[in-house]
1. (1) modelled with pLDDT under 80; (2) assigned to a helix (DSSP H, G or I): which one isn't true of MET1, the others all being true?
2. Do we have any residue at all in the stretch 8-24 that's surrounded by 11 or more Cβ atoms within 10 Å (Cβ to Cβ), within 19 Å of VAL82 (Cα to Cα) and polar (S, T, N, Q)?
3. Residues of the stretch 25-40 being surrounded by 10 or more Cβ atoms within 10 Å (Cβ to Cβ) and over 19 Å from the mean Cα position of the chain (by Cα), which ones?
4. Can you name the residue in the stretch 54-96 that is among the aromatic types (Phe, Trp, Tyr) and touching a residue at least 24 places away in the same chain (Cβ under 8 Å) and is also farthest from ARG30 (Cα to Cα) among such residues?
5. Kindly indicate whether LEU40 is modelled with pLDDT of 85 or more and either within 22 Å of PRO27 (Cβ to Cβ) or not polar (S, T, N, Q) (or both).
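The values are calculated or read from the model by the stated rules, or taken from the named source; none is laboratory data. The structure displayed is predicted, hence computed values, not measured ones. Cβ coordinates were reconstructed from backbone atoms using ideal geometry, including for glycine residues, and neighbour counts include every protein chain displayed.
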Amino acid sequence: MKSPETIFSTMLSMFAQAFQMNRNPLPWMRAINAGICAGLPIVISVIFGKLSYGLLSGIGSFTYLYVFHIPYVQRAKRLFFVAAAMTLSVGLGTLLAAHPLASAIPSCKKKLPIYRMHCS
């Protein structure tokens, strides 16, 4: 168990980092392209009267954010796993939407470090 002083200093440093201004240039082209990738399927589906299909394909288009300049085989593998993970998370979120407590309990039962950090 961490001491209250350690927890307070960690929270204070996280709060300070949240309001720190970085001098890195913003990747505007990447942001604009991600917006186009997410918005274009929705616009096309509205034109054809199938908004739900466009929203589903718009979720899948977020895989664009994980495209980097790496060899094609590695990029294909990465995008496959990103798309599969997004599909799984959307499916689980849909199934467990009516039971918020049921969606929180399984993640705390896992023995992975990331889950212990958020649930302890």
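1. Against the list (1) modelled with pLDDT under 80; (2) assigned to a helix (DSSP H, G or I), MET1 comes up short only on (2).
2. Applying the first criterion (surrounded by 11 or more Cβ atoms within 10 Å (Cβ to Cβ)) to the stretch 8-24 yields 8-10.
Now drop any that are not within 19 Å of VAL82 (Cα to Cα), which leaves none.
No, that holds for no residue.
3. Residues of the stretch 25-40 surrounded by 10 or more Cβ atoms within 10 Å (Cβ to Cβ): 27, 30-40.
LEU40, the sole residue that qualifies.
4. Taking the stretch 54-96 as the starting set, the residues that turn out to be among the aromatic types (Phe, Trp, Tyr) are 62, 64, 66, 68, 72, 80-81.
Now drop any that are not touching a residue at least 24 places away in the same chain (Cβ under 8 Å), which leaves 62, 64.
Details: PHE62: 12, TYR64: 9 Å.
Among those residues, the one meeting the criterion is PHE62.
5. Criteria met by LEU40.
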